[in-house]
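Report on one structure; see the data block that follows.
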Amino acid sequence: MNNPIGKSFPRKEGRKKVTGQALYVDDLSFPDMLHGVTVRSPAARGKIKNISFEGDLPWAEFTIVTAKDIPGANYVALILNDQPYLASDFVNHPEEPVLLLAHKDKYLLEEARRNVRVEIEEQPAVFTLADSLAQKEIIWGNDNVFKKFLVDKGNVDEAWANADFIVEGEYETGAQEQLYIENNGAIAIANPSDGVTVWGSMQCPYYVHKALVKLFALPEEKIRIIQTETGGGFGGKEEYPSLIAGHAALLAWKSGKPVKIIYDRAEDMVATTKRHPSHTRHKTAVTKDGKLLAMEIDFAIDGGAYCTLSPVVLSRGTIHAAGPYFCPNVRIHSRAVATNVPPHGAFRGFGAPQSIFALERHMDKVARTVGLTPEEFRRRNFIHEGETTATSQVIRERVDMDHLLTRALQLSEYHAKREQFVKENSASNGRFAKKRGIGFATFMHGAGFTGSGEVFLQSVVSAEATAEGKVKILAASTEIGQGTNTIFSQIAAEALGLDFDSIEIVQPDTGRVPNSGPTVASRTSMVVGKLVESAVMGLKQTLLGSGLLPAQYTEADFKNACAEYLAKFGSLKTSSTYQPPPNVYWDDEKYQGDAYGAYAWAVYVAEVSFDELTYEARVEDFVAMQEIGRVLNPVLAAGQIEGGVAQAIGFTLFENVVWKDGRMANNQMTNYIIPTPADIPPIRVYFEENAYAYGPGGAKGIGELPMDGAAPAILNAIENAIGVSFNNVPLMPEQLMAADERG
Amino acid sequence: MTRIRSTSSAFICGKSFSMQIEFKVNNKVHQLDVFPMARLLDVLREQLQLTGTKEGCGEGECGACTVVLDGRIVNSCLVPVAQVNGAEITTIEGVAHNDQLHAVQQAFIQHGGAQCGICTPGMVLAAVDLLKRNPQPTEDDIRNGLAGNLCRCTGYMKIFESVVQACRK
Amino acid sequence: MRAFIPNYQITMPASLADALALLKREPGVWKPFAGGTDLMVLLEAGRLPHRNYINIWALDELRGIEANESHVTLGALTTYTDVQANPILRDEFPMLCQAASETGGLAIQNRGTLGGNIINASPAADSPPALLAYDAEIELVSSAGSRWLPYQGFHTGYKQMHLGADELLSRIRLPRNTEGATHYYRKVGTRKAQAISKVCLAAVGRMNDGQISDTRIALGSVAPIVVGCVQTENTLRGRKPDTETIAAACDTLAREISPIDDIRSTADYRLQVSKNLLTDFLMRLH
């Protein structure tokens, strides 16, 4: 089989999934297994005064775990290590875990959970970004600030004097729940002599591993984390699984039995991480010809009660805040702050959807102020090869945003529709009408960890040959629906000249696979896929070098060579460790330099309708155009874009987290609204290729890209339709109504 | 006859009820002791070890728990098992015949209808039901026929495509 | 799953007579359980304190749709799927079919029943506005006999209704008088499918020589019960549907409903959209 890369190989584990045979964590059961639940704080902030066990229940039958039972350190090892596994004397957010229960009978267990009363002596709490920034109450550290960054390029202060126009704007985004259809869950077996083994729904087995090493104060080889088939993650299972895995393990440790914790939907929504809400202020200096002179950006995100990944979300949001434009003077001042809500965490895009929303809304405003069309304004400012980004990264690849924009506008019939809508919208027959509009956003998304992050990760992938001539890929990258298993198989098959079916992907198990880094940051194909390629090339080189494999070989030759090699030497296994591309320099102090190895570039166009009767905005058509290096598998790649756009449409028009005293009040699928099949427009996906030298087959990362552009494109379209400017998402009909003139 | 595991404690909060039922699942007859109000979803998964049917929401919103009950699709998280005495149920495990995949299943694999797979069992059953009632659905028919099944991964486009392709078989 | 399942019982009467006999013997102890699409949601959320149910799902006496010259009569266990499949309902009572098609998805429509919808009495229920607008009557049965009453007025307050402790809803009937009428049903929800309504209007209008001879206007999600807007209907009777009439009707409507802020929407939105729906309906009358 030649050249699998670029072809739509069917999903490697597809058959298991369509027949119901794929095993997710709740499908597993162990002999003598107990169920576990978490008892959580009823209040947002305060001292734990008392915990009482009420009702006439057989408490002696229950395993009860509190912070006192923790063998090692009571924190979730991540960045700042400020989040406890179990609150011991103080709580900082509603639903904070306080106590764990286990019992064989899951119905009785639920009855028990309801009968544990946690009394909190409440203290003043802060629930909004604004209140935290204003320091209404200091609830974390000295100043509520988890992290801040300053990007300073050129001289912004001097630029205002030369500006023909100075345009300001303020933009906000709300929290968003990942809503993977499979809730969080973990099963643990743990005891002091054997160590700890956890099976769970997760994206990053080695994150969980690192956290449990500290929780149990055990050596690394005594902790084993196994990823079960995972029903969606989107970042919601990046860091959160460390917490639930630790809880299951603590109950297993104390009870001496396997313990399974599975959240129901209400618990998962109310207690686990969400997308960081954001607030961005833009101040932009521009010439009368529409050239950007200076951008001053203030970007703030709400991290919730504990730090978790806020510094990294802030980082990505900061770096993407000035977009795919060349601007000689840029200052970005960003902060991640604490509030007394459940900690926010990773969600596809990871800060970029927030800052790009602000930017692309603002660019339309600047265009209008200067008297240019949104299109013309962008064309005059797109970045080109040889120019520098906000972090002074020199773009060293052929970038043609002009071309992407032209194509996207053509494919969406943007100009014709704009003209048509002007006519139709002004024609009135006295009845309630549907106003129509079309708008777009232009953006980029950096793949892989920022700056020196990938070097720090030191990712490893191994490859192992079997006597049957099969090649096993051992990587910590998880399949969570995005196609890891299939892509890795294609990459390996292409590099070896073997059949797609000759490649086997080993289930991510820290006892078996090396640490390839987390399955996040759009890095799995681009960074880890490259390691897959080099690991299997290592196998091939070894076989060639041994003389057992001819230079031109068939599948049968390969099988024979493996069999002979194994007979002679026992095993054939190679590893490949991440090497950074040359000439990538990043200064962490100044926050300057080559932020990402590669960027995908995109233009998204949204056509909307606005119903004058119900004030509902609806996306009627969507064009997603992007340059992604290389399309490794067309069906999977389009699937990523379509899924991401659907989530972004949800982010924009449907998904509203209703907060009450720091708790998500609408924590049910009935009241937290994601789009159904009836709500999604046709999503038309187009790719361009421009090979990235350091990605397998030339591929760049794409997982997060589709999350970035829809929100501003849709709001730009709504403004086009009704002539009113909105600057926040989610944008609900109730708010659209307030701005409408009629009635 | 499969006995349910009764609570291991001597404690019972109030009176505890159980009943015997007999019903067919994927053409096989089962006799079980059940709690009358136990969800059909839990009985299938825990007492019959048919874990293909999934819980996504427990409120009848997501459709991950879809099964066929007496010829019609229902959300098994909303059916008390007492009501299926004498009934015939098909779960995802009963869709393929002797390792021969249904055209819908084949299409889902080929055309990207499944990504993480958790919504897939329910989605497949809903699609199979749709095509049974309407062998040549329009795209609108497909959107409406699958409106009770939520997917967070695909954005639905390739699910529609998979159903369209399955019709052609 | 937040309920202690072992405590719940469902008794399975063999016939309607048996069911009614039990209700008479032990009034208030047993609540009817039909398709379960409302009760099971409450159960799983830990909000179903009542534990003793009588299964009526198997009672065929409560099923079936019959028609004579003057009425269509539907059994209480008529599901939303049954409604949409019936040619007479599609032809003469399209709003009922539209409401059924917009209630949940197909899996819900196969199990949800009109009787359950009425007795569960959520003010956001989708079918009741259509039933009110079609002048529905309902039949309540007990072991002592049966009685018909207008559906209008059946609900007296939030989840309160004229239902005796030993009574079951058995049938719903609609007068076949919709010929030549304008039907208008619109549910405004949180999304296009599987949504709880924010506002729901069902209206029927009959014209005579350019004037409104009569209307029926019913709204859901704007009060503790589904509202038959009798005063608004009074305002419209005998008038031309011109701008002045429409404005007057909207004013009356605003006084007749009492929308609130809740987790899904706001009072302001509900009020304004109610007026817009009424206006849209009236503009279609000629």
| Any chance region A:658-667 includes a residue that's within 14 Å of chain B (Cβ to nearest Cβ), assigned to a loop (DSSP other than H, G, I, E, B) and more than 22 Å from the chain's Cα centre (by Cα)? | yes
| task | Quick one: count up the residues across region A:93-144 that are of a type in the set (A, V, I, L, M, F, W, C), in contact with a His (Cβ under 9 Å, 6 or more places away or on another chain) and away from chain B (no Cβ under 14 Å). | result | 5
| Within region A:187-206, how many residues turn out to be buried (at least 24 other Cβ atoms within 10 Å of the Cβ), over 16 Å from A:T273 (Cα atoms) and under 27 Å from the mean Cα position of the chain (by Cα)? | 6
| remark: Exactly one of A:T524, A:T577, A:T519, A:T510 is among the β-branched types (V, I, T) and touching a Lys or Arg at 6+ places or on another chain (Cβ under 8 Å), and that residue is A:T510
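Return the residue satisfying two criteria in turn: it lies in region C:3-43 and is hydroxyl-bearing (S, T, Y) and within 7 Å of chain B (Cβ to nearest Cβ), and of such residues it is surrounded by the most Cβ atoms within 10 Å (Cβ to Cβ). Step through it out loud before you land on a result.
Applying the first criterion (hydroxyl-bearing (S, T, Y)) to region C:3-43 yields C:8, C:11, C:15, C:37.
Okay, now just the ones that are also within 7 Å of chain B (Cβ to nearest Cβ), so C:8, C:37.
On the way: C:Y8: 24, C:T37: 27.
Ranking the candidates gives C:T37 first.
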| All but one of (1) crowded, with 24+ Cβ neighbours inside 10 Å; (2) of a type in the set (D, E); (3) touching a Cys at 6+ places or on another chain (Cβ under 8 Å) hold for B:E59; which doesn't? | (1)
| Out of C:A193, C:A267, C:A218, which single residue is crowded, with 20+ Cβ neighbours inside 10 Å, aliphatic (A, V, I, L, M) and over 28 Å from C:P150 (Cα atoms)? | C:A193
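Okay, residues lined up against (1) under 25 Å from B:V164 (Cα atoms); (2) among the polar types (S, T, N, Q); (3) in contact with a Phe, Trp or Tyr (Cβ under 8 Å, 6 or more places away or on another chain):
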| site | (1), (2), (3) |
| --- | --- |
| B:G58 | no, no, no |
| B:T66 | yes, yes, no |
| B:C77 | no, no, no |
| B:G86 | no, no, yes |
| B:F108 | yes, no, no |
| query | Can you tell me which residues in region A:591-638 are assigned to a helix (DSSP H, G or I) and hydrophobic (A, V, I, L, M, F, W, C)? | reply | A:V635, A:L636, A:A637, A:A638
| request: Considering each residue of region A:221-246, count those that are closer than 18 Å to A:T524 by Cβ and among the aromatic types (F, W, Y), and give that number. | output: 1
| message | So C:M161 passes all but one of these: (1) of a type outside the set (D, E, K, R); (2) within 14 Å of chain B (Cβ to nearest Cβ); (3) closer than 30 Å to C:E26 by Cβ. Which condition number does it fail? | response | (2)
| query | Among the residues of region B:16-49, how many are facing another protein chain (nearest Cβ under 8 Å), in contact with a helix residue (DSSP H, G or I) (Cβ under 7 Å, 6 or more places away or on another chain) and crowded, with 22+ Cβ neighbours inside 10 Å? | reply | 5
| query | So how many residues does region A:533-588 have that are of a type in the set (A, V, I, L, M) and either at pLDDT below 95 or not in a helix (DSSP H, G or I) (or both)? | reply | 5
| field | strands (runs of 3 or more DSSP E) within region A:1-91 that include 3 or more residues modelled with pLDDT of 95 or more and within 12 Å of another protein chain (Cβ to nearest Cβ) | value | A:34-40
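Take the conditions more than 14 Å from chain B (Cβ to nearest Cβ) and assigned to a loop (DSSP other than H, G, I, E, B) and apply them to C:G205. Does it pass? Reasoning before the result, please.
Values: more than 14 Å from chain B (Cβ to nearest Cβ): yes; assigned to a loop (DSSP other than H, G, I, E, B): no.
Against the criterion (more than 14 Å from chain B (Cβ to nearest Cβ) and assigned to a loop (DSSP other than H, G, I, E, B)), C:G205 does not qualify.
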| query | Does region A:690-709 contain at least one residue that is surrounded by fewer than 20 Cβ atoms within 10 Å (Cβ to Cβ), within 14 Å of chain B (Cβ to nearest Cβ) and either touching a residue at least 60 places away in the same chain (Cβ under 8 Å) or of a type in the set (S, T, N, Q) (or both)? | reply | no
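Quick check on my filter: what residues within region C:121-130 are under 16 Å from C:G75 (Cα atoms) and either outside the structural domain of C:V72 (by TED's automatic domain parsing) or in contact (Cβ under 8 Å) with a residue 60 or more places away in the chain (or both)? Walk me through it before giving the result.
Step one: of region C:121-130, the residues under 16 Å from C:G75 (Cα atoms) are C:127-128.
Residue satisfying the conditions is C:P128 alone.
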| field | Test for A:A465: is it of a type in the set (G, A, S), modelled with pLDDT of 95 or more, closer than 30 Å to A:T519 by Cβ and in contact with a Pro (Cβ under 9 Å, 6 or more places away or on another chain) | value | no
| said: Here is a check on your reading of the model: is C:E244 assigned to a helix (DSSP H, G or I), away from chain A (no Cβ under 12 Å) and in contact with a strand residue (DSSP E or B) (Cβ under 9 Å, 6 or more places away or on another chain)? | reply: no
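Residue check: is C:Q231 away from every other protein chain (no Cβ under 11 Å), free of Cβ contacts under 8 Å to residues at least 60 places away in the same chain and of a type outside the set (D, E, K, R)?
Working: away from every other protein chain (no Cβ under 11 Å): yes; free of Cβ contacts under 8 Å to residues at least 60 places away in the same chain: yes; of a type outside the set (D, E, K, R): yes.
In short, yes.
A:E296 - would you say it is away from every other protein chain (no Cβ under 14 Å), out of contact with any Cys (no Cβ under 8 Å at 6 or more places or on another chain) and either touching a residue at least 60 places away in the same chain (Cβ under 8 Å) or under 30 Å from A:V198 (Cβ atoms) (or both)?
Working: away from every other protein chain (no Cβ under 14 Å): yes; out of contact with any Cys (no Cβ under 8 Å at 6 or more places or on another chain): yes; either touching a residue at least 60 places away in the same chain (Cβ under 8 Å) or under 30 Å from A:V198 (Cβ atoms) (or both): yes.
Here the answer is yes, as A:E296 does meet what is asked.
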| task | Could you check, for region A:126-136, whether at least one of its residues is touching a helix residue (DSSP H, G or I) at 6+ places or on another chain (Cβ under 9 Å), at pLDDT 95 or above and not in a strand (DSSP E or B)? | result | yes
| request: Give me a count of the residues in region A:476-517 that are assigned to a helix (DSSP H, G or I) and out of contact with any strand residue (DSSP E or B) (no Cβ under 7 Å at 6 or more places or on another chain). | output: 9
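The values are calculated or read from the model by the stated rules, or taken from the named source; none is laboratory data. Predicted model, so just to flag it, every value in this text is computed and none were measured. Cβ coordinates were reconstructed from backbone atoms using ideal geometry, including for glycine residues, and neighbour counts include every protein chain displayed.
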